[in-house]
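Below is one structure, written out as structure tokens; the observations come after it.
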Amino acid sequence: MTRCLVIIMSFNSNSGKGNLNLTDFVIRFFKASGAVMEKKGNRIDLLLPEATAAALDVEDEISLTESPEEAEKTGRENCYAIQFQSPLLDRIVSMAGAAPPFLQANLSFTYIKSQGFKNLINEQFSFYKSKIKKTATAESMTWYLLLTCRYLAQSDEQKQGLIDFSVNLDTMALTPDMADMLVTAEKVYHTGKIQTFSDQQIKRIHELVQSWGPSAVEAELTPFKRSMNRRYRRDCTSLDTYYKALEKEMKDSLDRSGLSDKVIQERKEKIAMIPEELAAKKRDLLNKYSIKLSFEPAAALLVTTPCVRVSVTVMSGHHTRTFPLIYNPVTKEMDPWVCSRCGSSTYAMGLDDKDNLCCTDCL
């Protein structure tokens, strides 16, 4: 027989003032999970989907209160108070934060640059042994994924934080500074059909985060790295001091009278093993203080925006190649080009012997 869990809440919601209280959060969570609700005074009765009830470890017919006193007044056996540090609220928070939030927004602009792209390209890009021959433009639409990742640096201690990535989904180019400049752009959020991503796009985004992430958090991790390096050097110095003293003590002991040839030989063998043992201890220290860096998604925003596609012809000797660039109205700059060989986002490139546009490192 299903028991009834009652949850009574105050409906003096602050949501109209732009603030969400604890009650609002719980209501939004249950609505998102597909629960059916019925308001009875300052109490809410809920019918939960089976999966949600199982995950929360409650019955599928529930109701709650805002305080333990109100819960007691109901006389219900399974009356829970929704308050901070309550086990049920902790489970709700864990479920709510299990999947990174995903938002979609459309951008609009009163004005988008329509000329002067050749000069802008010459300012941003450098072409190895080549030059721009001509350009053509066309208004279009493009998509950007702004991904906030949580990074974790683990060593003898650990440090964590957040880092933003922005990727053009048409070209898979990293677009620097877009996350910061997006704040001033006019945008409309929508909750319609959720954009899906191909396996190839997901794989490429993962590769970009793993390859670019370490350099992106370099400045944030500098004090942490210095601390681990300092402790590594300190412990290595202590090991050197210890084994140096041990070696001296063992060598001095060989001068004692009355030692048998067997004992002397054993001690010499132990002395000979000291460098190898010291090296092994230092390797252990290196593993202990090495920094392992990992990233996981914390939030994502898919942006649909108008743009200008600029067709550029590059000439190098008798070789020519026409390729597309995208003018980003948020950053008011051209997005980087993606190297045909290594896939890195670059502003320095040139034609290889097969007329592929590559970064200067690959050339």
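Just to be sure, is M141 part of a strand (DSSP E or B) and of a type in the set (A, V, I, L, M)? Yes: the conditions hold for M141. L182 satisfies every condition listed in (1) closer than 30 Å to S290 by Cα; (2) buried (at least 17 other Cβ atoms within 10 Å of the Cβ) except (1).
On the basis of being outside any loop (DSSP other than H, G, I, E, B) and at pLDDT 75 or above, does A53 make the cut? When the stated conditions are applied, A53 passes them. So which of K288, K262, K251, K282 is outside the structural domain of M178 (by TED's automatic domain parsing), basic (K, R), surrounded by 12 or more Cβ atoms within 10 Å (Cβ to Cβ) and more than 50 Å from the chain's Cα centre (by Cα)? Residue meeting the stated conditions: K251. Residues of the range 160-173 that are under 14 Å from the mean Cα position of the chain (by Cα) and either in a loop (DSSP other than H, G, I, E, B) or surrounded by 15 or more Cβ atoms within 10 Å (Cβ to Cβ) (or both): I163, D164, F165, S166, V167. When you check L174 against the structure, is it under 21 Å from P306 (Cβ atoms), in the same structural domain as R309 (by TED's automatic domain parsing), touching a strand residue (DSSP E or B) at 6+ places or on another chain (Cβ under 8 Å) and of a type outside the set (S, T, Y), yes or no? When the stated conditions are applied, L174 passes them. Scanning the range 78-94 finds one or more residues that are out of contact with any Asp or Glu (no Cβ under 7 Å at 6 or more places or on another chain), part of a loop (DSSP other than H, G, I, E, B), exposed (fewer than 13 other Cβ atoms within 10 Å of the Cβ) and assigned by TED's automatic domain parsing to the domain that holds D45. Taking the range 177-196 on its own, how many of its residues are assigned to a loop (DSSP other than H, G, I, E, B) and without any contact (Cβ under 8 Å) to a residue 12 or more places away in the chain? Summing the residues that are assigned to a loop (DSSP other than H, G, I, E, B) and without any contact (Cβ under 8 Å) to a residue 12 or more places away in the chain in the range 177-196 gives 2.
The values are calculated or read from the model by the stated rules, or taken from the named source; none is laboratory data. This is a predicted model, so every value here is computed, not measured. So basically every Cβ, Gly included, is an ideal-geometry build from the backbone, and we count neighbours across all protein chains shown.
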